Amino acid sequence: MMILAASLLTACGSSRKEQSVNEVTAAARTQETENLLANLKKIPSGGIMFGHHDDTVYGIGWEGEEGRSDVKSVCGDYPAVISFDLGELELGNAANLDKVPFDKIRKEIINQYQRGGMVSLSWHARNPKTGGDAWDVSDTTVVKSILPGGENHRKFAGWLGGVADFLHSLKTADGVKIPVLFRPWHEHSGSWFWWGEKLCTPEEYKALWHMTVDSLQAKGVDNVLYAYSPGTEPKDTTEYLKKYPGDGLIDVIGFDTYQFDRNHYLAGMDRALSIIDSIGKAHDKVIAVTETGYEGIPDAKWWTGTLLPVLEKYPLAYVLVWRNAREKVTHYYAPYPGQASAGDFVEFYNNPKALFAADVNLYQ
Ligand code: BMA
């Protein structure tokens, strides 16, 4: 596998750097991680996994209750995909930017693995140059400053070391390393994060990805798949791939999009879906809607009337909605008992195409 990848790349005339990244990628993955990738490729033949951010750590009116989930309270099962965020791990904090303790996140990652479901991790990393948060776009040289040779490179290398330690710590009681999908540097086609469109060049953005993956692999992290997820700004496949770091690094391609106006949402969703569908086929990548939702879900038929019809035309592995914030009660994207769209969500759940935790077994 490794030799084949290397000789194919040599035949294509790729640089030594790309070659070494590809070799490491091909060689350094646990069996469970390879199984996860193989199963993600098979999922679309049976349906689409449903996902929810921070599902089991808090919801509307509760926090930290063992086994609780707003999604499960509504339909009886956990999401097939649960995502968490590593933001502020880099500060050495005990809890992330949304005040969820990393020990709790680790525990919930183990629980989700034991259900046979998937975990995705985003990273709203603080601004390593200004000291502000991920949304601090006051300085356009932040990415440059953390790349090799930059004044914040050492500091940032330390942050990546912290991420590697956390990923290494994801183990069952029997010592099995738990595979996760890591989705850093997301929504880079917009300009609201310090790694965004107007904040770095395509070369710098790609170098950020290479540095991230190289550094984790050099530290022996072998339980991770990687996802590339811009927003819906790219209008075609060329624009979508403008900052793509390469097939050797990326396993899942997706995008993030939210509903404000229904027609605008559906048009953007459809265009982005057809872009990732065609790239997914050409590059043999898993495709997914990595973040979406309609804040407050005021449309009682949203799940079966808007979301499912647009998704089911495409071979997606999963769709994930954002968090049910317990501290900002209008900021929620999954229903809870009594919420306006709860009945329709049960209908969505009952559709054989919508896959929840009990429907999947991703590690065998
Ligand atoms: C945003 C909002 C914020 C949150 C951030 C990271 O979309 O939900 O409140 O801090 O994601 O989870």
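The values are calculated or read from the model by the stated rules, or taken from the named source; none is laboratory data. Remember, predicted model here, so these are calculated numbers, not experimental data. Cβ sites come from the backbone with ideal geometry, for glycine too, and all protein chains shown count toward neighbours. Accessible surface is based on the protein model in full, side chains and every heavy atom, while ligands, DNA and RNA are left aside. Shrake-Rupley method; radii C 1.70, N 1.55, O 1.52, S 1.80 Å.
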Answer in debye to the nearest 20: the dipole magnitude of the stretch 238-288 about its Cα centre, from +1 Lys/Arg and -1 Asp/Glu charges placed on Cβ, is 100 debye
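Under the Kirkwood approximation for Rh and a Cα-based Rg, what ratio Rg/Rh is obtained for the stretch 45-184?
Values: Rg = 16.8 Å, Rh = 16.4 Å.
Value, to two decimals: 1.02.
For the stretch 266-333, with every protein chain kept in place, what is the accessible area per residue (1.4 Å probe, Å²)?
Working: 2320 Å² over 68 residues.
On a per-residue basis, 34 Å².
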Over the stretch 72-147, one equal point on each Cα, no solvent: what is log10 I(q)/I(0) by the Debye formula at q = 0.17, 0.23, 0.27 Å⁻¹?
-0.74, -1.02, -1.20
Mean separation of Cα contacts under 8 Å, 6 or more apart, over the residue count of the stretch 208-343: relative contact order %:
21 percent
Once you've got the GNM for the chain with C-alpha springs shorter than 10 Å, pick whichever of Thr232, Thr212, Thr140 has the biggest mean-square fluctuation.
Thr140
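Taking the Cα centre of the chain as origin and charging only Cβ (+1 Lys, Arg; -1 Asp, Glu), how large is the dipole, in debye to the nearest 20?
Computed about the Cα centre, the dipole is about 540 debye.
Loop-only check: which GluC sites (Glu not before Pro) in the stretch 288-364 are DSSP coil with at most 16 other Cβ within 10 angstrom? Don't skip to the end; give the middle numbers.
Working: sites: Glu291, Glu295, Glu312, Glu327, Glu347; in loops: Glu295, Glu312, Glu327.
Hits after loop and neighbour filter: Glu295, Glu312, Glu327.
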Per residue of the chain, what 222 nm ellipticity follows from adding -39500 (n - 2.57) for every DSSP H run with n ≥ 4, rounded to the nearest 500?
-11000 deg cm²/dmol
Once ligands and nucleic acids are excluded and a 1.4 Å probe is used, how much of Ser138 is accessible, expressed in Å² to the nearest 10?
90 Å²
Report, to the nearest whole %, how much of the accessible area of the chain belongs to carbon and sulfur atoms, 1.4 Å probe, protein only.
53 percent
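Evaluate 2.2 N^0.38 Å with N set to the residue count of the chain, then give the Cα radius of gyration divided by it. Kindly include the intermediate steps, with their values, before the conclusion.
Numbers: Rg = 19.5 Å, N = 364, 2.2 N^0.38 = 20.7 Å.
Normalised by 2.2 N^0.38 Å, the Cα Rg of the chain equals 0.94.
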Over the residues of the stretch 34-105, compute the C-alpha Rg and express it relative to 2.2 N^0.38 Å.
1.31
SASA check, Trp303, accessible area w/ 1.4 Å probe, all protein chains in place, rounded to nearest 10 Å², comes out at 0 Å²
Calculated diffusion of the stretch 51-90, Stokes-Einstein form, Kirkwood radius summed over Cα pairs, 25 °C and 0.890 mPa s, µm²/s:
229 µm²/s
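In the chain, what percentage of the DSSP-assigned beta bridges are antiparallel, given to the nearest 5?
Details: 5 of 37 bridges.
If we restrict to bridges inside the chain, about 15 percent are antiparallel.
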Relative contact order [Cα under 8 Å, 6+ residues apart], the chain, whole percent:
24 percent
All alpha-carbon distances of the stretch 255-364, grouped into 5 Å bins from 0, give the whole-percent distribution 2, 11, 20, 23, 20, 13, 7, 3, 0
Can you give me the Cα centroid spacing of the stretch 137-168 and the stretch 106-128 in angstrom?
21 Å
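Can you give the convex hull volume per residue for the Cα atoms of the stretch 172-320, as a whole number of Å³?
Numbers: hull volume 21.4 nm³, N = 149.
Expressed per residue, the convex hull around the Cα atoms of the stretch 172-320 is 143 Å³.
Within the stretch 52-191, what percent of beta bridges assigned by DSSP are antiparallel, to the nearest 5? Working shown, then result.
Values: 4 of 14 bridges.
If we restrict to bridges inside the stretch 52-191, about 30 percent are antiparallel.
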Just tell me which lysines come within less than 27 Å, Cα to Cα, of Lys281; anything on the same chain fewer than 8 places away is out.
Lys17, Lys41, Lys42, Lys206, Lys235, Lys242, Lys243, Lys313, Lys353
Under 24 Å between alpha carbons, and skipping anything fewer than 8 positions from Lys99 in its own chain: which lysines qualify?
Lys72, Lys107, Lys129, Lys155, Lys171, Lys328
Out of the DSSP beta bridges found with both residues in the stretch 57-133, what percent are antiparallel (nearest 5)?
40 percent
Can you give the accessible area of Val329, probe radius 1.4 Å, in Å² rounded to 10?
100 Å²
Using Cα centres only, tell me the gap between the stretch 217-260 and the stretch 297-364 in whole Å.
23 Å
